[in-house]
Amino acid sequence: MSLLTGERRTAKIRAEHDCEVLEIGKPVMADLFRDAPQCLEQLSELLATRKLETEGIVKDVALSSEQST
């Protein structure tokens, strides 16, 4: 998601078995979005959903902390 937001990458992965990992850079993603704008739209919707879920979790934790003090 950092390709869309410009934020620092925070995801970590762990493979259970040997595998190949590919890093998709900004130029490749830019080409993809130019050629298939529906991909950008779908990723944007996913990003918005995840952001709302994350913010909701953070708010819930903050409210729980405030209520317990």
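The values are calculated or read from the model by the stated rules, or taken from the named source; none is laboratory data. The model shown is predicted, which means the values in this text are computed figures rather than measured ones. Please note: Cβ atoms are built from the backbone with ideal geometry, for glycine as well, and neighbour counts cover all protein chains shown. Each accessible area value is taken on the protein alone, full model and side chains, heavy atoms only, with ligands, DNA and RNA left out. Shrake-Rupley method; radii C 1.70, N 1.55, O 1.52, S 1.80 Å.
Key figures
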item: Potential extension, GLN42-GLN67 segment - 0.36 nm per residue separation minus Cα distance; result: 5.3 nm
item: Solvent exposure ordering (accessible area, 1.4 Å, most first) of GLU20, GLU45; result: GLU20, GLU45
item: Rounded accessible area of GLU7 (nearest 10 Å², 1.4 Å probe); result: 120 Å²
item: Residues of the range 1-31 with amide N under 13 Å of the 7 Å Cα→Cβ point at ILE57; result: 11-12
